[in-house]
Amino acid sequence: MNLLKNILAPSDEQMMWRVRSHDDAEAFAQLVNKWQGAIQRLCVRMLGDAHRGEDLAQEAFARLYAKRDAYQPAARFSTYLWRVAMNLCYDELRRLKRRPETSLDAESFDGEETFSILDAHAPVEKAPDSEMENRERHEMVRAALQKLPEHYRAVVVLRHYEDLKFREIADVLEIPTGTVKSRRAEGMEQLSEILMRAFRAEENPIRSESRRKETLVL
């Protein structure tokens, strides 16, 4: 019964066409309900701030509706929505660069943060058991991700957190697939280096603090 229901259910593209052509509020509500979580995760990880990310996700859907006439029926809805959200993230990041006093929210991510990147590229044998250590690792990954240049961060987030294929990411970012692959490789390499430096600093905080003070003196 559920399988038949899913088969007969309208596609995202069909629902967006209803929104565009008939201002179908119910169709739009279904799209928001389906995609809100993914878009919010994207915005939070791109900005490194939970509250700002949530606000931006809401703005993405508001813009989607306001500019519904710009949607082309032949376009894949998910690609169109990811692009709207990503462009808003880029705009917000540029705005924040003009306000360097703005700090990132330390509680940007919840306990569901993935460790696939960290486990594959950092010298850790297994995930720690204690909740405090897990939260520290969440924060370490979050902080490392925020240190990546935006164009690398976008590819890493879409590929490793949202599981988009290279071709899909290329469509969202409007760049060649080869560029996506090279950015992913460079982004992961930089992320690995950032995490390894963080682990070394954590293992020897006294020595790291001493080096930091020496650098400041120099």
Self-check item: Of residues in the range 151-194 being over 20 Å from Q40 (Cα atoms), free of Cβ contacts under 8 Å to residues at least 40 places away in the same chain and not in a helix (DSSP H, G or I), the one farthest from the chain's Cα centre (by Cα)
Solution: P176
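Take the conditions assigned to a helix (DSSP H, G or I), more than 30 Å from R142 (Cβ to Cβ) and among the basic types (K, R) and apply them to R20. Does it pass?
Yes.
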Quiz item: Residues in the range 113-127: is at least one modelled with pLDDT under 50, buried (at least 16 other Cβ atoms within 10 Å of the Cβ) and not hydrophobic (A, V, I, L, M, F, W, C)?
Solution: yes
Practice problem: Only one of these is among the basic types (K, R) and at pLDDT 95 or above: R20, R76, R98. Name it. | Solution: R20
Quiz item: If you go through the range 41-60 one residue at a time, how many are buried (at least 20 other Cβ atoms within 10 Å of the Cβ), assigned to a helix (DSSP H, G or I) and not charged (D, E, K, R)?
Solution: 9
Practice problem: Show the residue pairs that are 6+ apart or on different chains and have beta-carbon atoms under 7 Å apart, the first residue being within the range 44-62 and in contact (Cβ under 8 Å) with a residue 24 or more places away in the chain, the second being of a type in the set (S, T, Y). | Solution: V44/S108; R45/Y161; G48/S108; D49/S108; A50/S108
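The values are calculated or read from the model by the stated rules, or taken from the named source; none is laboratory data. Predicted model only: the values in this text are computed from it and were never measured. Cβ atoms come from the backbone with ideal geometry, glycine included; neighbour counts cover every protein chain shown.
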